[in-house]
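Since every read-out is calculated from the coordinates, none of them should be taken as a lab result. Only a predicted model underlies this, so the values are computations on that prediction, with no experimental measurement involved. In this analysis, Cβ positions are derived from the backbone assuming ideal geometry, glycine residues included, and neighbour counts consider all displayed protein chains.
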Amino acid sequence: MGLAFPTPGARLVRALDLGAVAWMALWIVLAVLVAREVNDLRSLSTTVVRAGVAVEETGALVRTLGSVPFVGERVAEVADRVEEAGRSAQASGEDSRDSTRDLSLLLGLSIGLIPTLPLLGLYVPLRLAWMRERRAVQRALRRAADDPRLTEFLARRAAANFSYDQLLGASENPYEDLAAGRYEALAALELERLGIQGPYRRRAARA
């Protein structure tokens, strides 16, 4: 006989559900907050673009002085450099604004997904397996709740899933009951683990 490892009951599964939802909600909220803060840095890029526009307009204004005798040629050179600086500032501002937007999205996705995807990858298959097990037992009970083979199956599942102290809470001598074919008390314990209302009754343990 192979080793049997305990499987979670309905209460533990509900607690794990709440814990998983809280964990994912925490990281998603944090991701949104970080993405919003980084995205707000786009206002700095907007300021740089506006400053570049102002510098370019200043260069255009300086160019109007090019008609002044003796200094017109030098003024034109200065105006060219000023306008070029303004255009360069605008281009840099636009690029940084786009980069900031992309960075905010990447950071938000990374913070939101990296801590939650591994959890989902591990927990969801286990949760689905537990749900399939529960539904299978429910279907079997609907078909034939009084089937002695089903009762025996549930009792033996309880013996595999619960500690000895827990088994004593359902039966005075659980393994003697199994050997004698008295399965109902242990079957009721297994249905409790699955969160299913069943036809079996647990006997009170000896004080």
Quick one: length gained pulling SER92 to ASN39 fully straight, 0.36 nm per residue minus the C-alpha distance?
-> 17.4 nm
Could you give the nm distance between label points at ARG142 and LEU105, where each point is 7 Å from its Cα heading toward the beta carbon?
-> 4.6
In whole µm²/s, the translational diffusion coefficient that Stokes-Einstein assigns to the stretch 89-207, given a Kirkwood hydrodynamic radius over C-alpha pairs, 20 °C and 1.002 mPa s, equals 119
FRET efficiency for GLU176 and PHE153 from the Cβ-Cβ distance with R0 = 25 Å, rounded to 0.05, comes out at 0.85
